[in-house]
Amino acid sequence: MNLLFTISGSSGSGKTTLLELLSRDLSINISVSHTTREKREYEIDGVHYHFITKDEFDSLIAADKFIEYENVHGDFYGTTKDVIEDFLKEGKPLFLELDVKGALNLKKLYPNDTFSIFLSVPIDELENRLINRSSESEDEIKKRLSRFDQEESLKKEFDYTLINDNFETTFEELKNTVLKRIKNGN
């Protein structure tokens, strides 16, 4: 039975916004990852991420606390083991917003419990979104776009691919897919 749902895709593909709406509409829990990235103006520590220092992150690595972690654009992101194990023990669905490699690692560790979703977006639309959200410098945008081809090439490894070229349609498709998997238990 799939209890762990991952959503991955390029930075700016709409993952966070889709998950926030999904959580509101379906009362689904969203895992809160740890990161060494700087907090954006609108983000809340403990809600969007656990914002920690590189030294704190290294301490968690040394203590073998992460189920997966990744260096993305020079910042580290990771999910702790205890979060995953707690939800699996309770039999509750959990959504995880992970980078592509993190999602594939989680799927390897929990193949029967994980349903992976790849969120794709046309490259020109992605560039416009990154520019319009005004939270990254021009260099950071270039860095994020440089991973696009690599991430897109791995989408075939995911259980399901959504193309986010129309937000409302994409949200409804995501919602229906998740509901169906929870209802059917697979």
For this session: Scan around residue 161 for amide H atoms under 5 Å from its own, H built in the peptide plane at 1.01 Å from N, and keep only partners 5 or more places away or cross-chain.
Result: 118
Exercise. If we count every other residue with Cβ under 13 angstrom of residue 106's Cβ, Lys/Arg +1 and Asp/Glu -1, where does the sum land?
Worked result: -4
For this session: Take the Cβ-Cβ distance between residue 43 and residue 168 as r, set R0 to 30 Å, and report the resulting FRET efficiency rounded to the nearest 0.05.
Result: 0.75
Problem set entry | Residue list for segment 90-112, given a label point 7 angstrom along the Cα-to-Cβ vector of residue 153 and an amide N cut-off under 17 Å | 100-102, 104
Problem set entry | Derived scalar couplings ³J(HN,Hα) [segment 161-166; Karplus, 6.51 cos²θ - 1.76 cosθ + 1.60; whole Hz; x for Gly, Pro] | 10, 10, 9, 8, 9, 9
Exercise. Taking the Cβ of residue 89 as the center, what net charge do the other residues with Cβ under 15 Å away carry, scoring Lys and Arg +1 and Asp and Glu -1?
Worked result: -3
Problem set entry | Reach of residue 89 by Cα under 14 Å, taken over aspartates and glutamates that are not fewer than 8 positions away in the same chain | 113
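Since every read-out is calculated from the coordinates, none of them should be taken as a lab result. For clarity, every value in this text was computed on a predicted model and none was experimentally measured. Glycine gets a Cβ as well: all are built from the backbone with ideal geometry, and neighbour counts include every protein chain shown.
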